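The numbers here are math on the coordinates, done by the rules we state, and not lab data. Keep in mind that what you see is a predicted model, and the values were worked out from it rather than measured. Using ideal geometry, Cβ is built from the backbone for each residue, glycine included, and neighbour counts are taken over all protein chains shown.
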């Protein structure tokens, strides 16, 4: 059994949508765009069939992991209160979290992170794969170098969302 299988099994047994979303994200590591910028099966699957230059898919990837996890556990999608295409926007995720008091300064594996910048205030989204250690956090994120990657980030300026209250 590999680490991803173990994560999925553990998350299913605990019925923890946050950890299962992370396991689903790990399963997608290496999935890449095909046929041009923001194009291909991974983009269409997380962007409701859309693809192409305007369809930055990082937030779509993160929210799709949560939707799939909730579905696997026969639980309601915790992000369903955001209109479907707006879930695919980093700034909309931030507004959702702020209104629901879901922003946190102490992220856990499976929480969502946001990178500040861009026209709307938030330019990138991914899933936390660790807690903070030495002002850094491990992540799984889509639309980095045109694919889903494991990464590590400095936490300076990041916002963190606890999607599911536990």
Practice task
Determine the relative contact order of the chain: mean sequence separation of Cα pairs under 8 Å and six or more apart, normalised by residue count, in whole percent.
Solution key: 23 percent
Fill in the blank from the handout: Of 68, 80, 31, the most mobile residue in a GNM of the chain (C-alpha springs, cutoff 10 Å) is 80
Fill in the blank from the handout: Of the convex hull enclosing the alpha-carbon atoms of the chain, the direction-averaged projected area in nm² is 9.3 nm²
Fill in the blank from the handout: What helix-only [θ] at 222 nm does the chain give? Using -39500 (n - 2.57) per DSSP H run of at least 4, over all residues, to the nearest 500, the answer is -10000 deg cm²/dmol
Practice task
Please state, rounded to one decimal and in Å, the Kirkwood hydrodynamic radius that region 117-166 gives when every pair of distinct Cα atoms enters the mean of 1/r.
Solution key: 12.0 Å
Handout entry: Top of 48, 150, 33 by mean-square fluctuation, Gaussian network on the chain, Cα under 10 Å
Key = 48
Practice task
With a point put 7 Å past each Cα toward its Cβ, work out how far residue 152 is from residue 130 in nm, to one decimal.
Solution key: 0.5 nm
Problem - Difference of contour (0.36 nm per residue) and Cα-Cα distance, residue 75 to residue 29 - result: 14.1 nm
